[in-house]
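Student: Would you mind keeping the following structure in view while I ask a few things?
The values are calculated or read from the model by the stated rules, or taken from the named source; none is laboratory data. Note that the coordinates shown come from a computational prediction; the quantities given were computed from them, not determined experimentally. Using ideal geometry, Cβ is built from the backbone for each residue, glycine included, and neighbour counts are taken over all protein chains shown.
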């Protein structure tokens with residue numbers, strides 16, 4: 001009874017507690033917190049006989065990805081706060097060359113709208129208006145999609161065909177003049193760097209609260225659902241940028257499925273004698 005009361009008291013004193021630090025469990029859960037990242041095995045260029053770069057969209061509203069929205073371990077909030085705390089490096093694009101400055105990071109996703117309000121010095125006159133700027137800080141829990149850039153590689157030395165994630169980006173819609181613009185990456189995070197943060201963050205387990213895994217495990221085991229929106233090409237176009245798919249949503253979906261199937265066939269043909 002004393003343990004339970006202590007847990008409730010700790011919860012009450014920390015209304016905005018971090019789920020990886022403060023918990024109101026009946027016992028200390030340390031399995032995920034104490035895990036270390038398992039490094040990738042060394043890969044020689046001479047051993048890579050096939051490589052294909054793919055870009056995906058992971059939508060957290062899809063049933064298989066709903067666990068990313070768990071309030072105690074929200075994936076979007078984890079990334080956003082880690083960037084603002086200087087733990088993760090935010091890159092401007094998927095080339096992973098140019099980075100945002102700390103000042104620029106604090107402005108990412110912030111919405112500023114010009115509005116007219118009643119002059120506080122003359123509140124009785126509804127026609128005496130002054131211009132002001134309404135600032136709305138970005139809420140990371142509004143993040144519903146993520147871009148994922150990955151490489152599909154065949155290692156002929158070990159005879160394995162596998163995907164290796166390179167970078168992940170939260171997706172948001174900038175607002176200009178009160179109008180939402182097209183989706184774009186808030187920033188890009190180098191995935192091997194992100195693994196050091198994800199390894200100690202639990203992800204919700206629908207079947208058993210006593211058997212949770214980390215986000216690192218979840219991504220590495222490819223337990224997410226996604227669809228392809230880009231493959232490497234000579235124009236660096238997204239699929240929807242090609243004229244034949246620009247105004248044809250069905251053709252766009254079929255092309256994405258075709259790319260996915262090509263990867264499957266490539267792997268299948270590797271073992272056909």
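Student: Mind counting the residues in segment 228-268 that are assigned to a loop (DSSP other than H, G, I, E, B) and either touching a helix residue (DSSP H, G or I) at 6+ places or on another chain (Cβ under 7 Å) or within 24 Å of residue 153 (Cα to Cα) (or both)?
Tutor: Adding up the residues that qualify gives 8.
Every residue, every condition in (1) part of a strand (DSSP E or B); (2) within 30 Å of residue 267 (Cβ to Cβ); (3) at pLDDT 90 or above, yes or no:
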| position | (1), (2), (3) |
| --- | --- |
| 103 | no, no, no |
| 117 | yes, no, no |
| 127 | no, no, no |
| 134 | yes, no, no |
| 152 | yes, yes, yes |
| 161 | yes, yes, yes |
| 169 | yes, yes, yes |
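Student: Next up: It is to be established whether one or more residues within segment 55-69 are touching a residue at least 40 places away in the same chain (Cβ under 8 Å) and farther than 25 Å from residue 256 by Cβ.
Tutor: No: zero hits.
Student: Let me ask another. Restricting to segment 1-55, what's the tally of residues that are at pLDDT 90 or above, loosely packed, with under 13 Cβ neighbours inside 10 Å and in a helix (DSSP H, G or I)?
Tutor: 2
Student: How many residues are surrounded by 13 or more Cβ atoms within 10 Å (Cβ to Cβ) and assigned to a loop (DSSP other than H, G, I, E, B) if we restrict to segment 206-222?
Tutor: The number of residues fulfilling the criteria is 1.
Student: A further question follows. For segment 223-240, name all the residues that are without any contact (Cβ under 8 Å) to a residue 24 or more places away in the chain and surrounded by 13 or more Cβ atoms within 10 Å (Cβ to Cβ).
Tutor: Matches in segment 223-240: 237, 239, 240.
Student: With respect to the numbered conditions (1) out of contact with any strand residue (DSSP E or B) (no Cβ under 9 Å at 6 or more places or on another chain); (2) under 27 Å from residue 66 (Cβ atoms); (3) assigned to a loop (DSSP other than H, G, I, E, B), which one is the sole condition not fulfilled by residue 138?
Tutor: So residue 138 meets the others, but not (1).
Student: Would you tally the residues in segment 60-76 being surrounded by fewer than 17 Cβ atoms within 10 Å (Cβ to Cβ) and either under 11 Å from residue 144 (Cα atoms) or within 11 Å of the chain's Cα centre (by Cα) (or both)?
Tutor: Residues meeting the conditions: 3.
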